[in-house]
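> Before we start, here is the structure in question, set down as structure tokens.
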Amino acid sequence: MKEMNDMISCKEMVDLIMDYLDNNLDDEAAKAFDMHIEGCEDCHAFLNTYKKTVSLTHQITYEDIPDELSKRLSTLLKKKKDN
Amino acid sequence: MQFSAVKLSRRLKEHDELAYEELLSLYSNKVYRLALSLVKHKEDAEDVTQEVFLTVCSRIDDLKENRALSSWIYRITVNASLIKIRKSGRSEQVSFVEDLPRFNQDGMHARPVKDWSENPEKKTSSKEVMDIIKKNLKELPESYKVVFLLRDVEGLSNNEVAEVLDISLTAVKSRLHRARLFMRERLSQHFEGGTA
């Protein structure tokens, strides 16, 4: 019977990538993942670009709430509390 | 659940005036940003934000002691945003199957994968990269976009996202992974001219 690290394909590597990054793989699966990455240039590049995608997404910001809306909310909630 | 959040929920239930101010100070930006990222238009995001806080105040007694205030507020925000999108008729059902990685019958990558992860900002400014991500986010189906925004932009944990959306942890992980694969592919198209 083949060891798991002999069996993992590129598709399986992609399926496991999130659990790998979250440290949710058991030891055997993590070892198979690492061995595949070491021997597969495409998957090495895929892992790096997946991680980069996540880190770039973390940097996204949306603008703050407009001051005028902030003031309006404060007044509205005060009125609601008083009613 | 944080002690301060539990305390704030109790004070809101007691109609403590300062608690309302604290609620706005802690959550108004978070609610507005999440609404804006979902509904896309500022006016709609403002309407949603106002509706969220009015709902929170009028229904605070419905919040159970063991439920996190933040998850409850995120949930109200997501629901209000999705209703707004549907009412506006701007809801888009997009298929993104073609933007997922492709493999041959042996499970190997169908095309060579280029590694653009080293300093992509050298080629494209950070602002431009952010704009690319935001633009592509708009193309994700809503059920994937919400998970992606809550997890990777707002920084909630997988469990928190599951609680906010009332879906299983498995569903969160599956949608998040597909959304990330879609975004990776779109960034690859930008940085490497179409290879994945």
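The values are calculated or read from the model by the stated rules, or taken from the named source; none is laboratory data. If you're wondering where the values come from, they're calculated on a predicted model, not measured in any experiment. A quick note on method: Cβ atoms are made from the backbone with ideal geometry, for glycine too, and the neighbour counts reach across all protein chains shown.
> For chain A, please list each of the helices (runs of 4 or more DSSP H) lying entirely inside it that holds at least 2 residues being without any contact (Cβ under 8 Å) to a residue 12 or more places away in the chain.
Answer list for chain A: A:10-21, A:27-39, A:41-58, A:67-82.
Rundown of residues vs (1) facing chain B (nearest Cβ under 10 Å); (2) surrounded by fewer than 18 Cβ atoms within 10 Å (Cβ to Cβ), yes/no style:
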| position | (1), (2) |
| --- | --- |
| A:Asn23 | no, yes |
| A:His36 | no, no |
| A:Ala45 | yes, no |
| A:Thr49 | yes, no |
| A:Lys52 | yes, no |
| A:Thr57 | yes, no |
| A:Glu63 | yes, yes |
| A:Thr75 | no, yes |
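> Now, a different point. Examine region B:68-82 for a residue that is part of a helix (DSSP H, G or I), of a type in the set (Lys, Arg), modelled with pLDDT of 85 or more and under 26 Å from B:Leu187 (Cα atoms), and state whether such a residue exists.
no
> In contact (Cβ under 8 Å) with a residue 60 or more places away in the chain, at the interface with another protein chain (Cβ under 9 Å from one of its Cβ atoms) and not in a loop (DSSP other than H, G, I, E, B): is that true of B:Leu34 in this structure?
Yes: the conditions hold for B:Leu34.
> I'm trying to understand the selection: among the residues of region B:111-127, which are surrounded by 13 or more Cβ atoms within 10 Å (Cβ to Cβ) and at pLDDT 90 or above?
Answer for region B:111-127, where residues must be surrounded by 13 or more Cβ atoms within 10 Å (Cβ to Cβ) and at pLDDT 90 or above: B:Arg111, B:Val113, B:Lys114, B:Asp115, B:Trp116, B:Ser117.
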